[in-house]
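For reference, the structure is listed below as structure tokens.
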Amino acid sequence: MWLRISCDLAFTIETATPFILMLRPRSGEEQWIEHDEFKIFPNVPIIEFTDGYGNLCQRLVAPLGDFSIQTTSDVQTSEFVDVDLYAPFVEIQNLPNNVLCYLSPSRYCESDRFNDMANTITSGKLPGYQQVFAIEDWLRNTISYIPGSSAYPMSAIEVNKKGSGVCRDLAHLGIALCRSLSIPARMVVGYLHNLKPMDMHAWFEAYVGGRWYVFDATQTGSKGGYVSVGYGLDASDVAIFTQFGPEIEILQQHITVEQIKN
């Protein structure tokens, strides 16, 4: 399916403010970017770079006053996510070097605290995809997904204790549970077709059977329409914008995802 995704951001800036943005999706195995627009007003110099996780990022200094960013991309992505109940666990010694970092505890995913819980949730499941599928199902049935309920990222421990959260919070707990079983897992932020309410979205991917698979406890079935923008250990790595200095006023954050052709 072909999707047109857009993100419009508008700010009021009280003093010149450095930004790091993560708003441009890139082509990969699961998506193809046919057309991409990136506009800012007023115009300022931008430096683009690729971070340690392969994400396209932009650096700039926003001037005093009103400042806006508009991005639009036409993306080909799958109508359904791939499912393989028999994708096996990959032994640590056989993991690619660039996947090893997704095994360790991180700021919001304290995987060293969830081993007993993860083993209970996945009891009787084949090592690999079936374990992650059981974790996703447990999250969906145990942790309440409440859009807009969490203004700041919660850690896996906090989400488990609270029993509810937004998409990124459920992803944090899923990642922590996977890593506690030595299954690499990473946070993904991006867009999802027909997400309600529409906003930027977060989910997680697990590495089994020699590749990454999508898992999203906020949705049901195997529907696709995902467009990835950023990957990382947890939410601290995948903010769509990060400003440095005094707090700024966000005037608008408007997200759209529309299907433009099959």
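With the structure loaded, tell me whether L60 is at pLDDT 95 or above and either loosely packed, with under 15 Cβ neighbours inside 10 Å or assigned to a loop (DSSP other than H, G, I, E, B) (or both) or whether it fails that test. The answer is no for L60. Exactly one residue out of L170, L181 is buried (at least 24 other Cβ atoms within 10 Å of the Cβ), within 21 Å of L233 (Cα to Cα) and in contact (Cβ under 8 Å) with a residue 12 or more places away in the chain: that is L170.
The single condition among (1) at positive phi; (2) assigned by TED's automatic domain parsing to the domain that holds S144 that V208 does not meet is (1). Checked against (1) farther than 16 Å from A235 by Cβ; (2) crowded, with 22+ Cβ neighbours inside 10 Å, L195 passes all but a single condition, namely (2). Entry remark, segment 66-92: residues being out of contact with any Leu (no Cβ under 9 Å at 6 or more places or on another chain) and in contact (Cβ under 8 Å) with a residue 24 or more places away in the chain number 10 in total. Within the set S6, S73, S27, the sole residue that is closer than 25 Å to L195 by Cβ, at pLDDT 95 or above and in contact with an Asp or Glu (Cβ under 8 Å, 6 or more places away or on another chain) turns out to be S73. No other residue among A202, A118 is under 15 Å from the mean Cα position of the chain (by Cα) and of a type in the set (A, V, I, L, M) apart from A202. Within segment 233-254, is there a residue that is loosely packed, with under 14 Cβ neighbours inside 10 Å, in the same structural domain as R26 (by TED's automatic domain parsing) and free of Cβ contacts under 8 Å to residues at least 24 places away in the same chain? The answer is yes; a qualifying residue exists.
Being of a type in the set (S, T, N, Q) and over 28 Å from M1 (Cβ atoms) holds for only one residue in N262, N194, N160, and it is N160.
When we screen D84, D74 for residues that are in a loop (DSSP other than H, G, I, E, B) and of a type in the set (D, E), the only hit is D84.
Do we find that G209 is touching a Gly at 6+ places or on another chain (Cβ under 8 Å), surrounded by fewer than 18 Cβ atoms within 10 Å (Cβ to Cβ) and touching a residue at least 60 places away in the same chain (Cβ under 8 Å) in this structure? Considered against the rule, which asks whether it is touching a Gly at 6+ places or on another chain (Cβ under 8 Å), surrounded by fewer than 18 Cβ atoms within 10 Å (Cβ to Cβ) and touching a residue at least 60 places away in the same chain (Cβ under 8 Å), G209 comes out as yes.
Selection over segment 1-32 of residues that are over 18 Å from the mean Cα position of the chain (by Cα) and of a type in the set (V, I, T) gives a count of 4.
Pick from segment 212-232 the residues that are closer than 17 Å to E79 by Cβ and of a type in the set (V, I, T): which of them is surrounded by the most Cβ atoms within 10 Å (Cβ to Cβ)? Only one residue fits best here, namely V227.
The values are calculated or read from the model by the stated rules, or taken from the named source; none is laboratory data. As the structure is a prediction and not an experimental result, all values here were calculated from the model. Ideal geometry is used to build each Cβ from the backbone, glycine not excepted, and the neighbour counts take in all protein chains shown.
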